[in-house]
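Structure, as structure tokens:
The values are calculated or read from the model by the stated rules, or taken from the named source; none is laboratory data. Given the structure is predicted, the values throughout are model-derived calculations rather than measurements. Backbone-built Cβ (ideal geometry, glycine too); neighbour counts: all protein chains shown.
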Amino acid sequence: MEDKGTLAIDLGSTTTVVAYQGPETAAQLLALPPFSLDGPVVVPSLLWLTEAPGAKPLIGRQVVDAGLAHHDGPELRRDFKRLIGSGSASAQPAEQAGALLIKALWAALPRGISPKRLVLTAPIDTYRSYRQWLVQVCADLGVEEVALVDEPTAAAIGAGLPPGSTALVVDIGGGTVDVALVKLEGGEGRAAPIAQLLRFAGRDLDSSRQTLRCAQVIGKAGLACGGRDIDRWIADALCPGQPQGPQLLEAAERLKCLLSSQDDALALVSSANQAPRELRFSRTSFEQLLEERGLISQLDALLDQVLAAGRSAGIRPETITAVLQVGGSSRIPRLRRWLEERLAGVPLKTHRPVEAVALGALALTPGVQLKDVLTHGVELRCWEQRSGRHTWHPLFVAGQAWPTDRPLEIVLACSLDGQSCLEISLGEAQIEQRGEVVFEGDLPVLRQRRAGRAQVIPWRDQPSAIALDPPGEQGVDRLKLDFVINGQGQLTAEITDLTTGASLGERSFGPVR
């Protein structure tokens, strides 16, 4: 039996995280042998492409195990994410590499897992072009629903921040450092963020009808320096003047990772012509190296730039909801301590920094549903006591999203003494208008220009009258109707007799359009 759950893929510059949530299971990282590492369960964002006849590309862990992860030749593809959607001359090969990686991961899904929904993440600064690339990549994947979410929103939701929060996202990856102050959608009565649908029920959605829904960027600054540069600094500190081959750089990376959890570290490095030798490094020496190489001062400059943008927007450092550390290099204790020193008093979220974006993407998708909008409104003919005549009262206007989230309560009064029934007369407003569907929050909205009070055309098939027992009195409220439009596009209402307090059940009045 196939498990129709949700799969999230967070394509990163250094590592790609794949997470899965089944209909009855919790979210978890997904191992994809032979491409993924064992701990943490991530896929290195590496490809080795060769034109040799019959040769298959190496992907992720395969590149690492072959000792090719630090090769300088054209066959190695890495750091391609930052070029996707950039429009530069290097964008096309980068997009081809990214597409190959995503499709290989999809093909490697374990037996029994056949996701109903795929959710992907995208950087804010290239969101529009990155989105178009993802639409093309996913065109051939056999999945009913495809959704997209921006990375800061996913990171914040994955870290447990509520909608409406202001988050400082510090992403220290393999090749770059990005610092961004973002305001999440939602909060204060506004719709909470959800992933943007690219495909629903096997049908690609028209991109022109959806606005790009991202976290609002208050300020952002970046630096082309990351974890791999730190590896080279360690290698140079321990073996000055020596060529930095793959074995030496891999040993330096191991030392860096070990020093995230211990004070001293040991790694062995071997070469073809020499016996294995030991490399030792201490956390004290490591932290001194980061200072000497100027990383901390560079981070200070980035943070000052972003916080200045925040103050210009009326956001003081002490009003930031939380600091989110994401990316593999965020595990380095000195970098965590730097944030604690610079933003004392602001909560620092460091739980599962590598997986936070993918897990947040999963959290943003389980409740996603496609909502349609009314092309024509629905109006109810009511007795107006003040004027002593019947008038048309709008229930749902053109552009209303359905299925509706909550009932619309209407109370009807009798127009005569001894009235034995209440007629429910429904109509459709005829409006001269020009409009288009756009998305606001998680709802599609029909924007239009109206031309005066619309003429109402009664429905051809009117519902039957509702009997009143005992008979009603003129001007006295008698029935309460809670109107909704359900998932089948039917107008229904729960009816309550206000005189007797009895529930008259649910009644369907017909389809809307």
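Kindly indicate whether Glu253 is assigned to a helix (DSSP H, G or I) and loosely packed, with under 12 Cβ neighbours inside 10 Å. Taking the combined requirement at face value, the residue does not satisfy it.
Residues in the range 100-124 that are crowded, with 18+ Cβ neighbours inside 10 Å and under 21 Å from the mean Cα position of the chain (by Cα): 13 in all.
Among the residues here, Leu290 qualifies as assigned to a helix (DSSP H, G or I), outside the structural domain of Val169 (by TED's automatic domain parsing) and either modelled with pLDDT under 90 or out of contact with any strand residue (DSSP E or B) (no Cβ under 6 Å at 6 or more places or on another chain) (or both).
The lone criterion from (1) at pLDDT 80 or above; (2) within 27 Å of Glu151 (Cβ to Cβ) left unmet by Thr350 is number (1).
Residues in the range 262-282 that are in contact with a Lys or Arg (Cβ under 8 Å, 6 or more places away or on another chain) and of a type outside the set (A, V, I, L, M): Gln262, Asp263, Asp264, Ser270. Taken over the range 487-513, the criterion of being hydrophobic (A, V, I, L, M, F, W, C) and either part of a loop (DSSP other than H, G, I, E, B) or under 13 Å from Ala467 (Cα atoms) (or both) is satisfied by Ile495, Leu498, Ala502, Leu504, Val512. Given the structure, is Cys239 surrounded by fewer than 19 Cβ atoms within 10 Å (Cβ to Cβ) and either out of contact with any Leu (no Cβ under 7 Å at 6 or more places or on another chain) or among the hydroxyl-bearing types (Ser, Thr, Tyr) (or both)? So Cys239 fails the test. Counting only residues that are among the small types (Gly, Ala, Ser) and without any contact (Cβ under 8 Å) to a residue 12 or more places away in the chain, the range 313-349 holds 2 of them.
Of the residues making up the range 377-387, those that are surrounded by fewer than 15 Cβ atoms within 10 Å (Cβ to Cβ), part of a loop (DSSP other than H, G, I, E, B) and modelled with pLDDT of 70 or more number 2.
With respect to Pro44, determine if the residue is out of contact with any Asp or Glu (no Cβ under 9 Å at 6 or more places or on another chain) and without any contact (Cβ under 8 Å) to a residue 24 or more places away in the chain. In short, no.
So is Gly39 more than 21 Å from the chain's Cα centre (by Cα), more than 25 Å from Trp133 (Cα to Cα) and either hydroxyl-bearing (Ser, Thr, Tyr) or assigned by TED's automatic domain parsing to the domain that holds Tyr20 (or both) or not? Here the answer is yes, as Gly39 does meet what is asked. I need the full set of residues from the range 66-96 which are under 27 Å from Leu258 (Cβ atoms) and either touching a residue at least 12 places away in the same chain (Cβ under 8 Å) or among the β-branched types (Val, Ile, Thr) (or both), in order please. Across the range 66-96, the qualifying residues are Ala66, Gly67, Leu68, Ala69, His70, His71, Leu76, Arg78, Asp79, Lys81. Under the condition of being within 47 Å of the chain's Cα centre (by Cα) and modelled with pLDDT of 90 or more, the residues counted in the range 485-513 number 17. Between Leu364, Leu370, Leu374, the distinction of being in contact with a helix residue (DSSP H, G or I) (Cβ under 8 Å, 6 or more places away or on another chain) and at pLDDT below 75 belongs to Leu364 only.
For the range 472-498, the set of residues classified as among the polar types (S, T, N, Q) and crowded, with 17+ Cβ neighbours inside 10 Å consists of Thr492, Thr496, listed by residue number. Applying the criterion of being of a type in the set (A, V, I, L, M) and modelled with pLDDT under 70 to the residues of the range 163-207, the residue that is surrounded by the most Cβ atoms within 10 Å (Cβ to Cβ) is Ala195.
Taking every residue in the range 413-431 that is closer than 18 Å to Val378 by Cβ and pairing it with any residue that is aromatic (Phe, Trp, Tyr), at least 6 positions away or on another chain, the pairs with Cβ-Cβ distances below 7 Å are Ile424/Phe509; Leu426/Trp459; Leu426/Phe509; Gly427/Trp392; Gly427/Trp459; Glu428/Trp459.
Taken over the range 14-36, residues that are modelled with pLDDT of 90 or more and part of a loop (DSSP other than H, G, I, E, B) amount to 7. When Leu11, Leu49 are checked against the criterion of being at pLDDT 85 or above, surrounded by 16 or more Cβ atoms within 10 Å (Cβ to Cβ) and more than 25 Å from Arg331 (Cβ to Cβ), Leu49 stands alone in meeting it. Scan the range 68-82 and tell me whether some residue there is under 28 Å from Glu144 (Cα atoms) and touching a Phe, Trp or Tyr at 6+ places or on another chain (Cβ under 7 Å). No.
Looking for something closer than 21 Å to Gly294 by Cα, surrounded by 16 or more Cβ atoms within 10 Å (Cβ to Cβ) and in contact with a Phe, Trp or Tyr (Cβ under 7 Å, 6 or more places away or on another chain) - is there at least one such residue anywhere in the range 217-229? Taking every residue of the range 217-229 in turn, none turns out to be closer than 21 Å to Gly294 by Cα, surrounded by 16 or more Cβ atoms within 10 Å (Cβ to Cβ) and in contact with a Phe, Trp or Tyr (Cβ under 7 Å, 6 or more places away or on another chain). Candidates Gly73, Gly142: the one that is within 22 Å of the chain's Cα centre (by Cα), exposed (fewer than 14 other Cβ atoms within 10 Å of the Cβ) and modelled with pLDDT under 85 is Gly142. For the range 300-322, the tally of residues that are under 16 Å from Gly345 (Cα atoms) and outside any helix (DSSP H, G or I) stands at 5.
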